[in-house]
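Participant: One structure is given below, represented as structure tokens, and several questions about it will come after.
The values are calculated or read from the model by the stated rules, or taken from the named source; none is laboratory data. All values reported here derive from a predicted model rather than from experimental measurement. Cβ atoms come from the backbone with ideal geometry, glycine included; neighbour counts cover every protein chain shown.
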Amino acid sequence: MKSSRPSLEQIFETHIQTLCLSLRPNTVAEYRYIGRRFFAYLRTAFPEVHRLSQLRRDPHLLSWFRWLSEQQPPLSNTTRFHYLIRLRRLLHSLPANHSIQPDFIRREDFPVQPRYLPRPLSLQEDQLLQQELKRTDNLVANALLLMRATGIRIGECLDLSLDCLRQLEPDRWALHVPLGKLHTERLVPADPELRQIVERILALRASAPPSYLAKSQPLLLP
């Protein structure tokens, strides 16, 4: 008597059992959950699919991607990205006798991941950071204080010239910021604290070894 072929669910459950040997239980549970969601969708949307050889990127996978994006309440991009990663791993790591096309899930199928802006420092954290930089009092620490006081970028700070501090009037000073990302040079008002930072950088620079300054003669920061 000819034995019946294993169902899609049975094939993947057997494969997931082998993953238990190398993955944590929580990770295996995630694979099992995502696999079951995918096959539940297939049974509903494409009941004629019973074997892996019948599985196609279009329409089966593409329809599932669309279905995920239409869920209510909506799934986040991070969650959908996670689903696709797990399912792709399951499909690609199947034994050779169950191999499928390698491009079932492609790079362009993954939703864009959210990019979060860094959290700003609190007033207390900012004060503590300034205290630590002043206590450290080396070239790097003073360069960071200079950037904080002026809002200039890292590249702009590295490109500051030795004579970047300019006296515009008897009681009016400015920091000359050279051409940078904004494609324009500019003058940043320099209060006494900022002038003190620049003077400290010049003093620290003067005490640096000549070899350290060899390639940065015209620049404020070696």
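Participant: Considering the stretch 177-203 alone, what residues qualify as being aliphatic (A, V, I, L, M) and closer than 22 Å to Gln167 by Cβ? Lay out the reasoning, then the answer.
Facilitator: Keep residues of the stretch 177-203 that are aliphatic (A, V, I, L, M), which gives 177, 179, 182, 187-188, 190, 194, 197-198, 201-203.
The answer is Val177, Leu179, Leu187, Val188, Ala190, Leu194, Ile197, Val198, Ile201, Leu202, Ala203.
Residue-by-condition table, conditions (1) more than 32 Å from the chain's Cα centre (by Cα); (2) within 24 Å of Arg106 (Cβ to Cβ):
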{"site": "Glu13", "(1), (2)": "yes, no"}
{"site": "Leu19", "(1), (2)": "no, yes"}
{"site": "Asn26", "(1), (2)": "no, no"}
{"site": "Ala29", "(1), (2)": "no, no"}
{"site": "Phe38", "(1), (2)": "no, yes"}
{"site": "Leu42", "(1), (2)": "yes, yes"}
{"site": "Glu48", "(1), (2)": "yes, no"}
{"site": "Arg66", "(1), (2)": "no, yes"}
{"site": "Thr79", "(1), (2)": "no, yes"}
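Participant: Cβ-Cβ distance below 9 Å, separation of 6 or more or different chains: which pairs start in the stretch 143-159 with a residue that is in contact (Cβ under 8 Å) with a residue 60 or more places away in the chain and in the same structural domain as Gln131 (by TED's automatic domain parsing) and end on one that is polar (S, T, N, Q) and surrounded by 18 or more Cβ atoms within 10 Å (Cβ to Cβ)?
Facilitator: Cys157/Thr150
Participant: For the stretch 110-128, which residues satisfy the criterion of being in a loop (DSSP other than H, G, I, E, B), exposed (fewer than 11 other Cβ atoms within 10 Å of the Cβ) and at pLDDT 90 or above?
Facilitator: Scanning the stretch 110-128 gives a single hit, Ser122.
Participant: Could you list all residues from the stretch 44-61 that are in a helix (DSSP H, G or I) and surrounded by 13 or more Cβ atoms within 10 Å (Cβ to Cβ)?
Facilitator: Ala45, Leu52, Arg57, His60, Leu61 - these are the residues of the stretch 44-61 that are in a helix (DSSP H, G or I) and surrounded by 13 or more Cβ atoms within 10 Å (Cβ to Cβ).
Participant: All but one of (1) in the same structural domain as Leu146 (by TED's automatic domain parsing); (2) touching a residue at least 12 places away in the same chain (Cβ under 8 Å); (3) loosely packed, with under 11 Cβ neighbours inside 10 Å hold for Leu187; which doesn't?
Facilitator: Going through (1) in the same structural domain as Leu146 (by TED's automatic domain parsing); (2) touching a residue at least 12 places away in the same chain (Cβ under 8 Å); (3) loosely packed, with under 11 Cβ neighbours inside 10 Å one by one, Leu187 breaks only (3).
Participant: Follow-up. Going through the stretch 104-121 one residue at a time, which ones are more than 19 Å from the chain's Cα centre (by Cα) and farther than 29 Å from Leu90 by Cα? So that I can check it myself, show each step before the final result.
Facilitator: From the stretch 104-121, those more than 19 Å from the chain's Cα centre (by Cα) are 104-106, 121; that's our starting set.
Across the stretch 104-121, the qualifying residue is only Leu121.
Participant: Does at least one position in the stretch 201-211 carry a residue that is of a type in the set (A, V, I, L, M), under 35 Å from the mean Cα position of the chain (by Cα) and surrounded by 10 or more Cβ atoms within 10 Å (Cβ to Cβ)?
Facilitator: yes
Participant: Here is a further query. Test Pro73 against the stated conditions and say whether it is in the same structural domain as Tyr33 (by TED's automatic domain parsing), part of a loop (DSSP other than H, G, I, E, B) and free of Cβ contacts under 8 Å to residues at least 24 places away in the same chain.
Facilitator: Yes, satisfied.
Participant: Starting from residues that are at pLDDT below 85 and of a type in the set (Gly, Ala, Ser), keep the ones in the stretch 1-44 and report whichever is nearest to Gln71 (Cα to Cα).
Facilitator: Checking each candidate, the answer is Ser7.
Participant: Additional query: Need a quick list: helices (runs of 4 or more DSSP H) entirely within the stretch 129-208 having at least 1 residues that are among the hydroxyl-bearing types (Ser, Thr, Tyr) and over 14 Å from Leu221 (Cα atoms).
Facilitator: It comes to 139-150.
Participant: Follow-up. Of the residues Glu48, Glu70, which is at pLDDT 90 or above and in contact with a helix residue (DSSP H, G or I) (Cβ under 9 Å, 6 or more places away or on another chain)?
Facilitator: Checking each option against the conditions leaves just Glu48.
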